[in-house]
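All remarks here apply to the structure that follows.
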Amino acid sequence: AEADLVELVEQAADAFRVTHGDHPLTVAPGPSALSLRLDPQRVRQVLDNLLTNAAMHTPPGTPVSVAVSLANDTAQVRIADAGPGIPPADRERVFDRFYRVDKARSRDRGGSGLGLAVAQSLIRAHGGRIDLTSEPGATVFTVTVPLAVGALTNP
Ligand code: ATP
Ligand code: MG
C-alpha cells in the first residue's frame, strides 16, 4: 500500500507531544508529502519506538528532533536527541533482542530491550535499514527506506 511518510512522521510527532510533553520536540522543515510503498502501521510503530526511546532513555527536558529528507533513491527519517548518548561498545548491541545498556535503570523505566530489534526487522522488511551514531549530546537514529521497493516481505 502507498502511504505518506511525512504524514506518518507528523502523526508520530503529535502523539509524542501528548505522551512525552516533558521533552521538547522539533519537526524540521522538509518535503510536504512523500508517498511511498510502505506499511503505514509498521512504519508508525518504528517511529514511535525511536521517539519513545529518545524520551525514555534521556533525562526529562532533553530536546528531541525529527527530520524527513530525500537522499538519492532513498527517503530518510532522522530521530535525534540531545541525551547522554550510547557508548561505542553498546551501539551495535542495542539492536539485539533484550539488550539494554543500563539494565538496572532500564528496568525501572519498563523497557524490555525488544524495541530496536523489532524496529530493525520491520525496516529491513521494507528493504531499508536503521543506522545509529552517538556522542554525548547527539544520538541519531536514521531510518532509510528505498523510494521504490519490491514486494514487502514479512519480517
Ligand atoms: P522496549 O523498547 O522493548 O520497551 P528498550 O527501550 O529498553 O525496551 P530498545 O528500544 O531495544 O529497548 O533499546 C535498547 C537499549 O538501547 C535501551 O535499553 C537503552 O539502553 C538504549 N537506547 C536506545 N535508545 C536510546 C537513546 N536514544 N539514548 C540512549 N540510550 C538509548
Ligand atoms: Mg525502546
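The values are calculated or read from the model by the stated rules, or taken from the named source; none is laboratory data. Everything numeric here is computed off the predicted structure, so don't read it as measured data. Because the Cβ atoms are built from the backbone with ideal geometry, glycine has one as well, and the counts that use them run over all protein chains shown.
Per this entry, residue 67 is counted among residues that are under 18 Å from residue 133 (Cβ atoms), among the hydrophobic types (A, V, I, L, M, F, W, C) and in contact with a Pro (Cβ under 9 Å, 6 or more places away or on another chain).
Of all positions in the range 4-23, none carries a residue that is surrounded by 19 or more Cβ atoms within 10 Å (Cβ to Cβ), away from ligand 1 (no atom under 13 Å from the Cβ), farther than 23 Å from residue 114 by Cα and more than 15 Å from the chain's Cα centre (by Cα). Among the residues of the range 24-43, those identified as part of a helix (DSSP H, G or I) and crowded, with 16+ Cβ neighbours inside 10 Å are 40, 42, 43. Considering the range 31-57, the residues that are farther than 11 Å from residue 5 by Cβ, away from ligand 2 (no atom under 12 Å from the Cβ) and not charged (D, E, K, R) include one that is nearest to the chain's Cα centre (by Cα), namely 41.
Only one entry in 17, 42 is without any contact (Cβ under 8 Å) to a residue 24 or more places away in the chain and among the basic types (Lys, Arg), namely 17.
Residues of the range 59-68 include none that is touching a Gly at 6+ places or on another chain (Cβ under 9 Å) and near ligand 1 (Cβ under 8 Å from one of its atoms).
When the range 110-120 is filtered for residues that are modelled with pLDDT under 95 and more than 9 Å from ligand 2 (Cβ to nearest atom), only 110 remains.
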